Each structure stands twice: as structure tokens, then as C-alpha cells.
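The values are calculated or read from the model by the stated rules, or taken from the named source; none is laboratory data. Keep in mind that this is a model prediction, so the values were computed, not measured. Please note: Cβ atoms are built from the backbone with ideal geometry, for glycine as well, and neighbour counts cover all protein chains shown.
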Amino acid sequence: MMKGYLIFIPNMLSLIRIGMVYPILLWIANEEFLNALALFIVASLSDALDGFLARRYNWHTSLGKLLDPIADKALLIGTIIILWISGHIPLVVVILFLLRDALILIGAAFQMTVYEASTPSPNFLGKVTTISQIIYLVLIFSQIIIPAVILPELIHYLISAITILSLIVYAKEWINSTISLHNAKT
């Protein structure tokens, strides 16, 4: 009987991650970067844990397919925007993060609405991009806390390249998938 309730754990972790976003953003705004970094790392690890649990124990739910990406986007987009507002990240990186996520959302919404397709799953490069974005933000926090010989310009270019590549791959997949769904429907 108890096993049936355990399926909710990944969803609970996503909800907790959403709850962590506000304190992280508040700490960044108040320049309490060490606190923000610590909670950002905990939130990022909760993302890895909920994904692991869902895959390992087959605890996939329809709610989880929605909650997990919402929690990820709230965490990453909220953090990058406030770090940009506080002058730590260039605008072009913010635009690329937002553009990629907006186009993924529009593509998914289009296919789910027009073709009644199921909720799309992230591809391998999408997962690599999310991990890269988390590492990027940890490096930005680290640079703020302990100014070091991290090459800030280099990490901005690197995350931009990874994000652009991911955007291109997703766009190609959406176009091919839409053509396939259209052909199947007609």
C-alpha cells in the first residue's frame, strides 16, 4: 500500500524546488551570494534526484512531466535574469536562454494542441544543455564570491554556443516531428 504513495516523491521534489526559487532570487538581490549558491546547488541536486527516482523506480506521472520542467525553468530563468539585472551576466546570454526555452515551449504547445501529441521528452542535448546551464550559473556565483582566474568571457561564449546548438537541434526535431505528424494526419 505504501509503495503507491512513493510515486509522489519526484513531484514533491519538483514542488520543493519551485519553493526554493524565491529565496535564491531574494538572496541574489540582497547580494547574499553564498546563501544563494548553496540553495541553488541543493535545488539543482533535487532536479537530478527526482529524475533519477522517476527513471529508477518508474515513478513517472503526468503531473511530473509538467512540474519538473516548470521547476527547472523557474530556477534557471529566474536565476539568470536576476544575475543579469545585477550586472553579472551579459544580456545576450539571457536572450539565448529565454529564446531557447520559449521556442521549445511554443513547439511543444503547437504539437500537443494541433496534433494532440503527448508531452514531449527532452532529448540528450537538452539534458546536457540544462546541466551546462547549471554549471555555468555555479561558476558565475563562484566568480562573484571568490573572484578568480575563471575566464568569464570564455564561459559566456561556451554556454551561448551550447544553448544555440541545443536550440538548433530542438528546432530541427520539431520541424521533422511536425512534418511527420502532419503527414500521418492527412
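Kindly list, by first and then second residue, each pair from a residue in the stretch 86-108 that is of a type in the set (A, V, I, L, M) to a residue that is part of a loop (DSSP other than H, G, I, E, B) and exposed (fewer than 15 other Cβ atoms within 10 Å of the Cβ), limited to pairs with Cβ atoms under 8 Å and residues at least 6 apart or on different chains.
108/119
Answer yes if at least one residue in the stretch 37-58 is in contact with a His (Cβ under 9 Å, 6 or more places away or on another chain) and either in contact (Cβ under 8 Å) with a residue 12 or more places away in the chain or under 16 Å from residue 119 (Cβ atoms) (or both), and no otherwise.
Step one: filter the stretch 37-58 for residues in contact with a His (Cβ under 9 Å, 6 or more places away or on another chain), giving 54.
Filter again for either in contact (Cβ under 8 Å) with a residue 12 or more places away in the chain or under 16 Å from residue 119 (Cβ atoms) (or both), leaving 54.
For the stretch 37-58, residues in contact with a His (Cβ under 9 Å, 6 or more places away or on another chain) and either in contact (Cβ under 8 Å) with a residue 12 or more places away in the chain or under 16 Å from residue 119 (Cβ atoms) (or both): present.
Could we say that residue 146 is over 23 Å from residue 104 (Cβ atoms) and exposed (fewer than 14 other Cβ atoms within 10 Å of the Cβ) here? Write out each step before concluding.
Working: over 23 Å from residue 104 (Cβ atoms): yes; exposed (fewer than 14 other Cβ atoms within 10 Å of the Cβ): yes.
Yes, satisfied.
When the residues of the stretch 150-183 are filtered to those that are under 18 Å from the mean Cα position of the chain (by Cα) and hydroxyl-bearing (Ser, Thr, Tyr), which remaining residue is surrounded by the fewest Cβ atoms within 10 Å (Cβ to Cβ)?
160
Could you look through the stretch 57-85, keep only residues that are more than 18 Å from residue 19 (Cβ to Cβ) and modelled with pLDDT of 95 or more, and pick out the one that is surrounded by the fewest Cβ atoms within 10 Å (Cβ to Cβ)? Explain how you work it out, then say what you get.
If we filter the stretch 57-85 for residues that are more than 18 Å from residue 19 (Cβ to Cβ), which is where we start, we get 57-62, 65, 80-81, 83-85.
Remaining after also requiring modelled with pLDDT of 95 or more: 80-81, 83-85.
Numbers: 80: 22, 81: 16, 83: 21, 84: 17, 85: 13.
That would be 85.
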